[in-house]
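One structure, as structure tokens, below. Some questions next.
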Amino acid sequence: MKNIFTISCLALLCFACKKELAPQDIAQNIANAHGFENWSQVSEIQFTFNVDKDSMHFERAWKWNPNTNEITHYKRRDSIQYNRSKIDSTLAQTDRGFINDKFWLLIPFQLVWDSDITFSEETKTEAPISKKQLNKLTITYPNKGGYTPGDAYDVFYDDDYLIREWIFRKANQKEPSMTTTFENYQDFNGLKLALEHKKHEDSWRLYFSDVKVVTK
């Protein structure tokens, strides 16, 4: 009887361990659904990050070599070039912009790249904008380090592991700081990227233009 009890406890423990690993597996599946297996062939990626609201427009243009971490930020009349391994106080604001813009474009891959995030997983739930039944994966960043420590994101993905909506919660607060869609998916040399994000309540729109993925 004691042996049976021990075996049962071990079985339950193994099941619990597998369940704890499930969110990481889901994160990998999301990355793969967006073409993560093709990322190793990318030698350069260019994009312009745009935000429109009513009559106002904002944009930042970038070129990034992920192998060397060389970055070029294009302005109207000049450009800034730097390497992420050599950032000083004069480049901090520029680099903060790059990290933000890259995060919006490549969030499916950040789920795998960012080893310091924690995951919690919830099965089917109602998406905040479409009201469709989608899967939800919550990611939380540590309270120290990075440009936005402690932030959390509720990622809503379909059964094909494509991201359809998300909620950003600053400093892991309970109430949403921003909720947007993931729309206009396009393929760039095997990378499946959402180029457009909208809010439900106003004319705000975040989108990417001039996207170019160069492979080896």
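The values are calculated or read from the model by the stated rules, or taken from the named source; none is laboratory data. Small disclaimer: the values here were computed from a predicted structure and weren't measured. Positions of Cβ are backbone-derived with ideal geometry, glycine not excepted, and every protein chain shown enters the neighbour counts.
When you check ALA171 against the structure, is it farther than 25 Å from GLY35 by Cβ, of a type in the set (A, V, I, L, M) and surrounded by 14 or more Cβ atoms within 10 Å (Cβ to Cβ), yes or no?
no
Kindly evaluate THR48 against the criterion of being in contact with a strand residue (DSSP E or B) (Cβ under 9 Å, 6 or more places away or on another chain) and at pLDDT 95 or above.
yes
Let me ask something additional. Checking TYR82 against (1) over 18 Å from GLN186 (Cα atoms); (2) assigned to a strand (DSSP E or B); (3) of a type outside the set (Val, Ile, Thr); (4) in contact (Cβ under 8 Å) with a residue 60 or more places away in the chain: exactly one of these is not met. Which one?
(4)
Separate question: Return the residues of the range 154-173 that are touching a strand residue (DSSP E or B) at 6+ places or on another chain (Cβ under 6 Å) and outside any strand (DSSP E or B); say none if nothing qualifies.
Answer for the range 154-173, where residues must be touching a strand residue (DSSP E or B) at 6+ places or on another chain (Cβ under 6 Å) and outside any strand (DSSP E or B): ASP158, ASN172.
Find the strands (runs of 3 or more DSSP E) located wholly in the range 177-216 whose residues include 3 or more that are more than 16 Å from the chain's Cα centre (by Cα), surrounded by 15 or more Cβ atoms within 10 Å (Cβ to Cβ) and of a type outside the set (Asp, Glu), and list them.
Strands (runs of 3 or more DSSP E) meeting the threshold: 205-215.
Here is a check on your reading of the model: is ASP78 among the acidic types (Asp, Glu), modelled with pLDDT under 95 and closer than 30 Å to ASP160 by Cα?
No, not satisfied.
Return a yes/no flag: does the range 123-133 have any residue that is modelled with pLDDT under 95 and closer than 23 Å to ASP154 by Cα.
yes
Can you pull out the residues in the range 115-141 that are over 25 Å from HIS200 (Cα atoms) and either exposed (fewer than 13 other Cβ atoms within 10 Å of the Cβ) or of a type in the set (Ser, Thr, Tyr) (or both)?
SER115, ASP116, THR118, SER120, TYR141
Further, regarding this structure: Of the residues that make up the range 128-141, is at least one of a type in the set (Lys, Arg) and closer than 22 Å to LYS192 by Cβ?
Within the range 128-141, one or more residues are of a type in the set (Lys, Arg) and closer than 22 Å to LYS192 by Cβ.
Is it the case that PHE103 is modelled with pLDDT of 95 or more, closer than 19 Å to LYS199 by Cα, over 17 Å from the mean Cα position of the chain (by Cα) and among the aromatic types (Phe, Trp, Tyr)?
In short, no.
Still on this model: Examine the range 110-133 for a residue that is under 20 Å from the mean Cα position of the chain (by Cα) and more than 21 Å from TRP166 (Cβ to Cβ), and state whether such a residue exists.
Checked the range 110-133: no residue is under 20 Å from the mean Cα position of the chain (by Cα) and more than 21 Å from TRP166 (Cβ to Cβ).
Could you figure out which of (1) surrounded by 15 or more Cβ atoms within 10 Å (Cβ to Cβ); (2) assigned to a strand (DSSP E or B) isn't true of SER43?
The failed condition is (1).
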